[in-house]
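Comments concern the structure below.
The values are calculated or read from the model by the stated rules, or taken from the named source; none is laboratory data. Bear in mind that the values here come from a model prediction, so they are computed numbers and not experimental data. Cβ placement follows ideal geometry from the backbone for every residue including glycine, while neighbour counts extend to all protein chains displayed. Accessible surface is based on the protein model in full, side chains and every heavy atom, while ligands, DNA and RNA are left aside. Shrake-Rupley method; radii C 1.70, N 1.55, O 1.52, S 1.80 Å.
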Amino acid sequence: MGTMTRGSLPRLMQEGLAGVFGQSYNEHPQEYNQIFDVMTSTKAYEVMQEIDALSPAVLKDEGAPISYDAFTQSFNPKFVPVTYAKGISCSDELVEDELYGVIARKAKALGFSMTQAKEIFAANVISRAFNTSYTMSGGDALPLCSASHVSGPSGGTYSNKLSVSAALTESSLEDLLIQVRNATDSRGNKIALKAVKLITTPTNQFNAYRITQSVLRSGTAENDINAVKAMGSVPNTFISSYATDSGAWGIKTDCQDGLIFVQRRAVRFEDDNSFNTGAMRYKGSERYAAGWANPRGYFGSDAP
């Protein structure tokens, strides 16, 4: 859009308005750092390298030589920060003549816009977790959640996706928690992954809390304990306000280098004016990247 002038906002030049509204609202607390492990960066991009573990030791007969193994490198996910920005341009007559401080509150309005962009960008990683069009640069060319993730040079596959897509229920949550418990590394070794939090959308918020926080089993006439709560299987429940796949849900695990948000540069606000036109220009910009290194950091189910 071009420069805003007094003609763009004529009401702001008129006395007698009871108020001006709609520029910004109360914001949700930061959410991206509840889903991602945040790291700062000073480089054009960040690359991580997966190194396969060793396979289990094997039986050695008396007097026989030992069996040797070797480390191998596999996927190298690449995080390339992008820049998000927003600006406004106002004639200096508009700045001088508007009566309600709308332009003076430009920083708040721009800040709201920048926050929205950042949260949506980050949440898109889990919103697109099952979409084959969205993969990680340097990864295995599969989406975040897949039944056939590649185990690296040693071959084989593994899954971080519920085998049969299911809505969030006590039963489906238990199935996914079992899958987390049975996780293996790239050489097939059993690893001790733990669920950190259940992540879902506002559509599922009440259901999620009933399932995880009820003392007894939710939605049944049985007098059984709620095993998920009693065992502490899911310490936290998080409702993402910005995720768009309302039927999908997932579990963030304590896997090292799973979901990662790279902060290249924090939001910066600047202003200047045009010598020729006198227009005042204000802008905000920020640089970041989001994705995953190890898909074992998130197990999920898409909508059935």
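Among residues of segment 31-50 that are touching a residue at least 40 places away in the same chain (Cβ under 8 Å), those with a Cβ under 8 angstrom from a residue that is of a type in the set (Asp, Glu), sequence gap 6+ or separate chain, pair up as Glu31/Glu119; Tyr32/Glu119; Asp37/Asp257; Met39/Glu46; Met48/Asp257.
Counting only helices (runs of 4 or more DSSP H) that sit wholly inside segment 91-204, those with at least 3 residues that are crowded, with 20+ Cβ neighbours inside 10 Å are 106-127, 170-181. Screening Ala70, Ala104, Ala57, Ala64 for residues that are farther than 30 Å from Ser154 by Cβ and either without any contact (Cβ under 8 Å) to a residue 24 or more places away in the chain or under 24 Å from the mean Cα position of the chain (by Cα) (or both) leaves exactly one candidate, Ala104. Across segment 218-242, the number of residues qualifying as open to solvent by 20 Å² or more (accessible area, probe 1.4 Å) and part of a loop (DSSP other than H, G, I, E, B) comes to 13.
Mind checking whether some residue in segment 100-112 is aromatic (Phe, Trp, Tyr) and under 30 Å from Asn189 (Cα atoms)? No, there is no match, as no residue in segment 100-112 is aromatic (Phe, Trp, Tyr) and under 30 Å from Asn189 (Cα atoms).
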